[in-house]
Amino acid sequence: MKKRIFLTGATGTMGWAGLQELLKRPDNYDITILARPSAKNRRKLKPLAGKIKVIWGDLVNYEDVKKGVTGADYVLHVGGMVSPKADYYPKETLYVNVKAAENIVNAILAQPNHEDIKVVYIGSVAETSDRNEPVHWGRCGDPVFASAYDYYAVSKIAAERIFADSGLRHWVSLRQSGILYPAILKNFDPIMFHVPIRGVLEWATVEDSGRLLERVCRDNVPDTFWNRFYNISSGPQYRMSNYDFETRVLKAVHCPRPEKIFDANWFVLKNFHGQYYLDADILEEYLHFRANIPLDDYFQQMSDGLPKIFRMATLVPPAIIKAATRILAHKKTYGTQHWIRHDNEARIRAYYGSLEKYQSIPDWSEWDLSEAAGANEAVHIDHGYDETKPLSQLTVKELQAAAAFRGGRLISADYTSNPSALLKWECHQGHRFEASPKLVLEGGHWCSDCFSDHWANFDDVAKHNPFFAQIYRQ
């Protein structure tokens, strides 16, 4: 019997890749997608008429979502607002991504067979913010918090919380990393300078990302896979420093190296997400979605797929290219040099630390562009409890200790050994909230009143929360 799949975000990068994988197995799946009725989407989906069912609607409209959920065996929630649009429309991003999560959860719970429906939520590496040197490694359960001004991350954190503590029988959060796909080579936007040169990221290819969406729907996925958090990546060979990534991208589009066309101080010093993973292989062990294409070969494939006009870049003097990229660095609102020129103290403090630190940035000749400090030394953040024990075997005393390690306390006196049950907690500022041990310990979440978009309070939180202080660096 065919499985009925409801896919959101099918016209986006990852969703489209997943849709192609599902379409390769027409005998296995009946596919329904939700898409906004734009002219672009109608053109894109027209060739698939008769192969899929399209609900023309919007994620923020509950009735549209309910139509897709009704009758579904699997809900693959990939859709939502993403960067760079998310950077320009933060309030809309927060509304859309959170409302979509609420609609999907409510629509599933409204089904008579809701305990049988399996839902996959695509989270983000942005949920665990940046890893400033020398802490470049991370895993699920590390502190969840957004970089300053990153409302996309705020929205993904809030949505993940909704799914994890929804009471759904089968949910999973797959935190997507940066996606490598051909069109990324054409993306030139001021936010390209919002990444620290010595930051790192473990990337995922779009093909691998599409494959995992199909593989998660197979019969051989065990029950132990569900109700957990996972990091997505294409493996250790896809680990790159941001400088390495910029160099590879420029080479792929036939442009000179970063030193030739950018000033070093155009790039920020901090406040951008990215890490190497200690646990991404766990997802691969369950789903076996990686193609294991060598990194050099993958970039060559992306370069080969570009229009031939890109090769003309080799004829353009570096000074001309630099003049064009300088415009991006000075662009209003999100250009890093616009912040400097207009003395935007809040942005300068968030992304550089201070004007003095910005002014002390050396030119390229004095930068250490070798492997970032700590990149070869895997650091496990202490999660504050015995991780060798299943959550169901933890005692109230152990949960109390975990809460104290987060600067707060467990208010609930009883724990029924159900890690998904909502308990009452209190943070160091006295905010009270409900959350499951699974969300707090395995997900890394804590008080949303302290975190969320309250970046100005992070210094104070770090003084009282040893768990968070391991990651937070000024």
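The set of residues from segment 303-313 being within 19 Å of Phe245 (Cα to Cα) and open to solvent by 90 Å² or more (accessible area, probe 1.4 Å) comprises just one member, Asp304. The residues of segment 261-287 that are in contact (Cβ under 8 Å) with a residue 24 or more places away in the chain, assigned to a helix (DSSP H, G or I) and more than 30 Å from Lys308 (Cα to Cα), listed by number, are Asn265, Asp281, Ile282, Leu283, Glu284, Tyr286, Leu287. Scanning segment 317-353 for residues that are among the aliphatic types (A, V, I, L, M) and touching a residue at least 12 places away in the same chain (Cβ under 8 Å) returns Ile321, Leu328, Ala329, Ile340, Ala350.
When the residues of segment 420-461 are filtered to those that are open to solvent by 10 Å² or more (accessible area, probe 1.4 Å) and at positive phi, the one that is nearest to the chain's Cα centre (by Cα) is Ser452.
Hey, any hits in segment 237-260 for a residue that's in a helix (DSSP H, G or I), open to solvent by 50 Å² or more (accessible area, probe 1.4 Å), in contact with a helix residue (DSSP H, G or I) (Cβ under 7 Å, 6 or more places away or on another chain) and within 30 Å of Val172 (Cβ to Cβ)? Within segment 237-260, one or more residues are in a helix (DSSP H, G or I), open to solvent by 50 Å² or more (accessible area, probe 1.4 Å), in contact with a helix residue (DSSP H, G or I) (Cβ under 7 Å, 6 or more places away or on another chain) and within 30 Å of Val172 (Cβ to Cβ).
For segment 353-369, the criterion of a residue being buried (at least 16 other Cβ atoms within 10 Å of the Cβ), among the small types (Gly, Ala, Ser) and farther than 29 Å from Thr247 by Cα is satisfied by no position.
Here Gly167 fulfils each of the conditions (1) open to solvent by less than 10 Å² (accessible area, probe 1.4 Å); (2) farther than 17 Å from Gln275 by Cα; (3) part of a loop (DSSP other than H, G, I, E, B) apart from (1).
Does Asp386 count as charged (D, E, K, R) and modelled with pLDDT under 95? No; evaluated as a whole, the condition is false for this residue. For segment 210-222, taking the residues that are part of a helix (DSSP H, G or I) and within 15 Å of Glu285 (Cβ to Cβ), the one that is farthest from the chain's Cα centre (by Cα) is identified as Arg215.
Would it be correct to say that Ser155 is modelled with pLDDT of 95 or more and among the hydroxyl-bearing types (Ser, Thr, Tyr)? Spelling it out, Ser155 is indeed modelled with pLDDT of 95 or more and among the hydroxyl-bearing types (Ser, Thr, Tyr). Residue-level check: of (1) in contact with a Leu (Cβ under 6 Å, 6 or more places away or on another chain); (2) farther than 15 Å from Leu185 by Cβ, Asn292 misses just (1). When Ser417 is tested against (1) within 24 Å of Asn132 (Cβ to Cβ); (2) loosely packed, with under 14 Cβ neighbours inside 10 Å; (3) of a type in the set (Ser, Thr, Tyr), only condition (1) is not met. Scanning segment 283-298 for residues being farther than 30 Å from Thr224 by Cβ and surrounded by fewer than 18 Cβ atoms within 10 Å (Cβ to Cβ) gives a total of 3.
Answer yes if at least one residue in segment 199-207 is closer than 26 Å to Leu328 by Cβ, in a loop (DSSP other than H, G, I, E, B) and out of contact with any His (no Cβ under 6 Å at 6 or more places or on another chain), and no otherwise. The answer is yes; a qualifying residue exists. The condition of being touching a residue at least 40 places away in the same chain (Cβ under 8 Å), in contact with a helix residue (DSSP H, G or I) (Cβ under 7 Å, 6 or more places away or on another chain), open to solvent by 10 Å² or more (accessible area, probe 1.4 Å) and within 21 Å of Ser233 (Cβ to Cβ) holds for only one of Ile162, Ile184, Ile179, that being Ile179. For segment 46-95, the tally of residues that are open to solvent by 40 Å² or more (accessible area, probe 1.4 Å), among the hydroxyl-bearing types (Ser, Thr, Tyr) and touching a residue at least 12 places away in the same chain (Cβ under 8 Å) stands at 5.
Restricted to segment 1-45, and to residues there that are among the polar types (S, T, N, Q) and more than 20 Å from Asp73 (Cα to Cα), the residue that is surrounded by the fewest Cβ atoms within 10 Å (Cβ to Cβ) is Ser38. A single entry from Ile321, Ile340 fulfils the requirement of being more than 27 Å from Glu202 (Cα to Cα), out of contact with any Pro (no Cβ under 9 Å at 6 or more places or on another chain), part of a helix (DSSP H, G or I) and open to solvent by less than 50 Å² (accessible area, probe 1.4 Å): Ile340.
The values are calculated or read from the model by the stated rules, or taken from the named source; none is laboratory data. Remember, it's a predicted structure, so these values are computed and weren't measured experimentally. Cβ sites come from the backbone with ideal geometry, for glycine too, and all protein chains shown count toward neighbours. With ligands, DNA and RNA removed, areas are computed over all heavy atoms of the protein, side chains included. Shrake-Rupley method; radii C 1.70, N 1.55, O 1.52, S 1.80 Å.
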